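Each remark here refers to the structure printed beneath this line.
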Amino acid sequence: MSLYSLIADAVVFVHAAYVGFVVLGQVAILIGCVRRWQWIRNFWFRVVHLAMIGVVVVEALFGITCPLTTWENSLRRAAGETARAESFVGRWVQDLLFYDAPPWAFTVVYCLFGAVVLATFVIAPPKRL
């Protein structure tokens, strides 16, 4: 396995962490609203969370490929790999992130999820600094 392959796998992990923060962060916010957890109203946590899904929605609406995906693909090509030649762990994480569906379906899902995040930002706003 080349250094490029290892870095590509690391990029996939970063991508998975990004997705995990957005998705699990929203789950935590929803549960925290019901359970009245104060930490979910942390200003910086909520602003960063909203900004992260905002980036995804803008990319989807304008047909922009995620820079992490572009970077990973470039690293895989530099390693001389085909699209599915990553390591087992890299392939496993990749399969968690990407599904076989038409691009419009992802745009709809991202926009709906972004709307949910925005709604919870308004319904349960963060505390001011």
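Some notes on this structure:
- Structure-based [θ]222 nm, the chain - -39500 (n - 2.57) summed over DSSP H runs of at least 4, per residue, nearest 500: -25000 deg cm²/dmol
- Each residue of the stretch 101-113 is assigned a 3J(HN,Hα), and the resulting list reads 8, x, x, 4, 5, 5, 4, 4, 4, 4, 5, 5, 5 Hz, derived from the Karplus form 6.51 cos²θ - 1.76 cosθ + 1.60 (θ = phi - 60°), x at Gly and Pro.
- Gain on full stretching of the segment that runs from ALA78 to ILE31 - 0.36 nm per residue minus C-alpha separation: 12.6 nm
- Between helix 88-97 and the chain: long-axis angle, C-alpha atoms, 0 to 90°, nearest 10: 40 degrees
- Given the chain, longest segment not containing exposed loop chymotrypsin sites (Phe, Trp or Tyr not before Pro) (DSSP; at most 10 other Cβ within 10 Å): 1-61
- Zone of VAL19's modelled label, taken as backbone nitrogen in the stretch 60-81 under 16 Å from a point 7 Å along Cα→Cβ: 60, 65-73
- The chain: angle of helix 43-61 to the longest principal axis, Cα-based, in degrees nearest 10: 50 degrees
Read-outs: derived from the displayed coordinates by stated rules, not from any lab. No experiment lies behind these values; they were computed from the predicted model shown. Cβ atoms come from the backbone with ideal geometry, glycine included; neighbour counts cover every protein chain shown.
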